[in-house]
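All of the numbers you see were taken from the coordinates with simple rules; none came from a lab. Computed from a predicted structure; not experimentally measured.
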Amino acid sequence: MNFSIDAVTPLSYFKSLVGSDAELPLFEAAACIAQDEEPSLDVQEVLATCDALLVRLQRRVKSDAEPIDKLSALNRFFYQDLGFAGNANNFYAPENSYLNEVLRSRRGIPISLAVIWLELAQAIDLKAEGVSFPGHFLVKITLPEGLVVLDPLTGDSLGLDNLAERLDLFRPHLGDSGDMDTPLGLFLQPAPPRDILNRMLRNLKEIFNSQQDWPRLVGVLDRLIVLNPNAVHEKRDRGLALFEMGETARAREDLSHYVSFAPDASDVPEIQKRLDKIQ
């Protein structure tokens with residue numbers, strides 16, 4: 001009798017986590033992104049590190065405490081005691097998106113800090129959610145007293161005037177959704193875990209594309225395609241990166257897929273030129 005055992009790869013592990021929206025474990029899926037940089041990374045150790053922080057937090061917060069008191073205790077613990085903050089010295093470093101590095105250095109970017117903060121907040125029964133706000137990821141907490149929106153870089157509460165000012169800077173780049181008549185509340189909708197992972201990966205995509213770091217870019221695009229199987233533009237971008245790497249067979253497959261499924265796209269003639277070169 002022959003047995004076939006498929007080896008678990010970082011990408012197949014990620015795929016197993018993101019298959020269902022209903023049961024998508026945001027923190028674990030976000031943590032395993034760092035396996036592209038460090039394939040031997042033990043994600044369970046990253047989870048254990050966060051669990052240890054949670055144990056320390058729970059010692060400070062009574063289970064029957066009022067939500068506003070839980071929020072205050074969490075922010076003191078996260079920003080003052082642990083010292084989490086933005087990486088002002090190297091904001092665009094890839095490690096700012098790797099949760100194992102953020103937990104180690106206590107430095108990150110808004111979305112990576114938010115993922116860790118949300119894991120702790122939800123574990124102490126706060127109704128906390130991520131917000132994919134234009135230009136700067138935010139978190140919001142629904143309290144009996146009302147809605148609180150926080151900047152995950154600092155833990156500062158953001159009022160309506162501050163949020164409106166931030167949004168006005170990005171409205172010209174948001175197309176129809178950025179119309180001045182579009183209510184602010186539409187930009188404060190909770191971001192599902194899949195959307196948060198997409199934003200994390202696209203941050204890395206932008207970094208590696210700007211650096212023309214094609215192998216690392218392909219690794220990120222592999223995950224984006226697993227996360228969004230029908231995203232033909234991600235396949236196009238992976239095909240272009242593979243083309244730059246000289247991996248013509250894989251590039252041809254991705255670019256041909258794009259031309260077939262988006263034949264009316266404005267860049268198809270340019271993509272076809274690449275395919276002609278491969279042929």
>> Springs between alpha-carbon pairs under 10 angstrom, Gaussian network model over the chain: which of Asp81, Asp222, Asp213 fluctuates most?
In response: Asp81
> Cα centroids of segment 187-232 and segment 30-78: how far apart, whole angstrom?
Replying inline: 24 Å
>> Give me the one-decimal Kirkwood hydrodynamic radius in Å for segment 93-195, with the sum taken over alpha-carbon pairs.
In response: 14.5 Å
> From Cα coordinates alone, what are the radius of gyration and Dmax values for the chain in angstrom?
Replying inline: 20.8, 69
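For segment 224-273, report the translational diffusion coefficient in µm²/s to the nearest whole number, using Stokes-Einstein at 37 °C, 0.692 mPa s, and a Kirkwood Rh over Cα pairs.
D, rounded to a whole number, is 306 µm²/s.
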> What Rg and what Dmax come out for segment 57-113 when only alpha-carbon atoms are used, in angstroms?
Replying inline: 13.4, 40
> Taking amide H positions as placed 1.01 Å from N in the peptide plane, with prolines and chain starts having none, which residues 5 or more places from Thr154, or on another chain, fall under 5 Å of its amide H?
Replying inline: none
>> Could you tell me the relative contact order of segment 86-229? Use alpha-carbon pairs under 8 Å, at least six residues apart, and round to a whole percent.
In response: 18 percent
> Which ³J(HN,Hα) values, rounded to whole Hz and listed in residue order, are derived for segment 210-224 from phi using the Karplus coefficients 6.51, -1.76 and 1.60 in 6.51 cos²θ - 1.76 cosθ + 1.60 with θ = phi - 60°, glycine and proline given as x?
Replying inline: 5, 8, 6, 8, 5, x, 5, 4, 4, x, 5, 5, 4, 5, 4
>> Give me the percent relative contact order of the chain, please, defined on Cα pairs under 8 angstrom at least 6 residues apart.
In response: 14 percent
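What is the Cα radius of gyration of segment 1-75 over 2.2 N^0.38 Å, N being its residue count?
Scaled against compact globular proteins, the figure is 1.55.
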> Where the Cα atoms of segment 124-279 are projected onto their three principal axes, how long is each span, largest first, in whole Å?
Replying inline: 64, 36, 26
